[in-house]
Amino acid sequence: MNAGGVEAAPWLAALFPAGVRAAWADTCRCDPADLDPAEAACLGPQAVRCRRQEFSAGRLCARHVLAELGIRDFPLLPAADRSPQWPPDCIGSLSHGSGRALAVAARRGGLLGLGVDLEDPARVRPELWEMLMTPDERVVLQQRPAAARSRFAALCFSAKEAFYKCQYPLTGHWLGFDDVSLEENPDGDLAFRVLARDWPGQSWRFHGRSTLWQGMLVCGVWAVAAA
């Protein structure tokens with residue numbers, strides 16, 4: 001681990017096209033005292049220990065990937081909707097859960113958006129599946145062997161979370177789980193079909209991949225201009 005408990009994550013960068021930097025951290029090793037003062041001020045006095053460590057881990061991972069892009073001393077502050085405000089010429093995404101935090105970032109250019117999500121598959125319980133899936137996804141679920149259904153349900157949840165993080169900075173549009181249908185191609189790549197009629201995202205194409213890491217499902221999504 002580097003200072004602050006952060007480590008480069010080439011396995012995570014490999015989910016994305018070239019140019020994306022990635023880092024991860026064990027949240028219990030991250031010290032809120034290492035935050036930029038402006039970032040620390042965002043926590044507030046009521047923030048519990050777990051929240052402080054998760055927030056700190058995400059920001060320290062962001063600091064790591066931004067430094068790899070040549071950007072230093074940039075506090076990653078939340079916007080009014082709580083989404084991170086990345087440097088103007090950068091795109092990025094954060095995720096945390098189950099004692100780990102992730103960050104990805106890239107210079108704005110051919111890539112126009114990034115989204116990453118980290119999920120413990122065991123947390124996506126069967127009673128949640130119907131809420132998370134579209135009718136088409138539920139058909140796919142029933143076609144899977146029973147042992148594979150939990151993994152597909154977790155993939156639907158995590159991939160849609162990553163997709164949302166990728167599309168929202170571009171569109172400013174809120175989407176629910178039933179507004180997006182996931183397709184997993186035979187090569188493992190992820191494709192998304194937005195069902196919401198008023199979604200203003202037709203100017204971009206979204207692609208995704210997933211991997212299992214330390215028992216966790218990790219999904220990465222990126223956006224490029226539509227041809």
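Note on segment 8-49: Kirkwood radius taken over Cα pairs, Stokes-Einstein applied at 4 °C and 1.567 mPa s, translational D equal to 102 µm² s⁻¹.
So how do D120, D136 rank on accessible area, 1.4 Å probe, biggest first, that is with the largest at the start? Walk me through the intermediate numbers first.
On the way: D120 45, D136 85 Å².
From most accessible down to least: D136, D120.
Karplus-based coupling profile of segment 80-88, in residue order and whole Hz: 4, 8, 6, 6, x, 9, 6, x, x, with θ = phi - 60° in 6.51 cos²θ - 1.76 cosθ + 1.60 and x standing for Gly or Pro.
Taking N as the number of residues in the chain, what value does Rg over Cα atoms divided by 2.2 N^0.38 Å take?
On the way: Rg = 17.3 Å, N = 227, 2.2 N^0.38 = 17.3 Å.
Against the empirical 2.2 N^0.38 Å value, I get 1.00 for the chain.
In the context of the full set of protein chains, segment 1-112 has a per residue accessible area of 47 Å² (1.4 Å probe). Dividing the helix sum by the residues of the chain, where each DSSP H run of 4 or more adds -39500 (n - 2.57), gives a mean residue ellipticity at 222 nm of -9500 deg cm²/dmol.
Using a 1.4 Å probe on the protein heavy atoms, what percent of the accessible area of the chain belongs to carbon and sulfur? Display every interim value, and only then the final one.
Details: 5730 of 11000 Å².
Answer for the chain: carbon and sulfur cover 52 percent of the accessible area.
By how many degrees, 0 to 90 and rounded to 10, does the Cα axis of helix 146-171 deviate from the longest principal axis of the chain? Rounded to the nearest ten degrees, it is 60. Against the chain, whose longest principal axis is taken from its Cα atoms, helix 49-68 shows a tilt of about 80°.
What's the local net charge at P169, with K and R +1, D and E -1, over the other residues with C-beta under 12 Å away?
With Lys, Arg at +1 and Asp, Glu at -1, the neighbours total +1.
The values are calculated or read from the model by the stated rules, or taken from the named source; none is laboratory data. Note that this is a predicted model, so its numbers are computed, not measured. Positions of Cβ are generated from backbone atoms using ideal geometry, with glycine treated the same way; all protein chains shown enter the neighbour counts. Remember, those area values only see protein heavy atoms, side chains included, never the ligands or the DNA or RNA. Shrake-Rupley method; radii C 1.70, N 1.55, O 1.52, S 1.80 Å.
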